[in-house]
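Enquirer: Below is one structure. I have some questions about it.
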């Protein structure tokens, strides 16, 4: 929507517009032109041109402003032959209104002012008025033009402020939209990792149980598979609840969250679990923190499954421009239960890749256990 170019947006300027219109009406009724009756025509034309500007500025701005220019020039031409100061006021009124228009470029306003001054001078040159009268008229025109320019500057600043506010609002809306999309993607990854792993393993167990019953009729083996499926379902439900809880909460400080996760692992599985940090701690971005936290959780879960009873050690290193997470476990204290393979490592690697990091897994040095190493920039 086009911003209104009207030069009376405040009560003061509306009063000036109303007084100017009333003055034009009064001029036609009380003008003293002596024997120069043709001045009536000039005053009437000035009144018509002013009304064209007032009524047509929002509908046909080009026509309205052209009428305002003609009004100022015609009034300036009438200053010399007029026996009174009516044309001066008409010219001042038109010049003030034109100089107040925010849409008009400054050079155009200056050009009109110089033209009005020149027309006024030529009009005086052909008359018998004193030089002091010309100087006063020219000074009045310059002063009202400066007042109009001051008003124009205010309008320009208001418009720029509104545009800046609108641009800021749009930028904030776009930022909020991008943040929402990023959060949706994070939630989708979390739920996918939990559900895909749990439901995939559960499906395999149930398919094996069905095959055992239909092919061999081994009820006991099928019962064990169903019990294992139930265990997988319970584990998946616990992981899903943990993921939902984590998504509802803000991401805590990484070292604090890892320490809590390691301590929880030690309590739940009755094993020795240690956590250490290397280097001075610093704030890191949410994507890197979430990726390392989820990697640690998956690595601890894998350690409990594949190395039951084994002690675990987690180390977080704050290096120069790099964060390194190491999750190591000793050899298993007892034989692990046979479980179908999941997609834990794949999920960890994908999450770290999204954060610009890498994942390395393999036996510890000397073959004493297993080590998971994740690195992300930060």
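What follows draws every value from the coordinates through simple rules; no lab data is involved. Bear in mind the structure is a predicted one, so any value in this text is a computation, not a measurement. Here the Cβ is made from the backbone with ideal geometry for all residues, glycine too, and neighbour counts use every protein chain on show.
Enquirer: Taking the mean number of other Cβ atoms within 10 Å as a proxy for protection, how do you rank 47-54, 209-216 from highest to lowest?
Expert: So the order, starting with the most tightly packed, is 47-54, 209-216.
Enquirer: Treat the count of other C-beta atoms within 10 Å as a stand-in for reagent exposure and order 166, 313 from fewest to most.
Expert: 166, 313
Enquirer: Okay, next question. Using the Cα atoms as the points, what is the convex hull volume per residue of the range 251-378 in Å³?
Expert: 101 Å³
Enquirer: Rounded to the nearest 0.05, what FRET efficiency is calculated for residue 216 and residue 368 with R0 set to 41 Å and r the Cβ-Cβ distance?
Expert: Values: r = 40 Å, r/R0 = 0.98.
Here the calculated transfer efficiency is 0.55.
Enquirer: Taking R0 as 22 Å, what FRET efficiency do you get between residue 179 and residue 322 from their Cβ-Cβ distance, rounded to the nearest 0.05?
Expert: Numbers: r = 26 Å, r/R0 = 1.17.
For R0 = 22 Å, the calculated efficiency reads 0.30.
Enquirer: At 0.36 nm per residue, minus the direct Cα-Cα distance, what do residue 207 and residue 63 gain on full extension? Give it in nm, one decimal, please.
Expert: On the way: separation 144, 0.36 × 144 = 51.84 nm, distance 8.29 nm.
Contour length minus Cα-Cα distance gives 43.5 nm.
Enquirer: Gain in length, residue 237 to residue 350, computed as 0.36 nm per residue apart minus the alpha-carbon separation, to one decimal in nm?
Expert: Numbers: separation 113, 0.36 × 113 = 40.68 nm, distance 2.26 nm.
Fully extending the segment from residue 237 to residue 350 adds 38.4 nm.
Enquirer: Extending each Cα 7 Å along its Cβ direction at residue 165 and residue 41, get the distance between those two points in nm, one decimal.
Expert: The two pseudo-label positions are separated by 5.1 nm.
Enquirer: Normalised by the number of residues in the range 251-378, what is the relative contact order in percent for Cα pairs under 8 Å and 6+ residues apart? Walk me through the numbers before you get to the answer.
Expert: Working: 224 pairs, mean separation 32.0, N = 128.
RCO, the range 251-378: 25 percent.
Enquirer: So, by mean Cβ neighbours within 10 angstrom, what's the order for 261-269, 276-284, 290-298, 63-71 with the highest one leading?
Expert: Sorting 261-269, 276-284, 290-298, 63-71 by mean packing, highest first, produces 290-298, 63-71, 261-269, 276-284.
Enquirer: Determine the gain in length on full extension of the stretch residue 264-residue 127; use 0.36 nm per residue of separation and subtract their C-alpha separation, reporting nm with one decimal.
Expert: 39.1 nm
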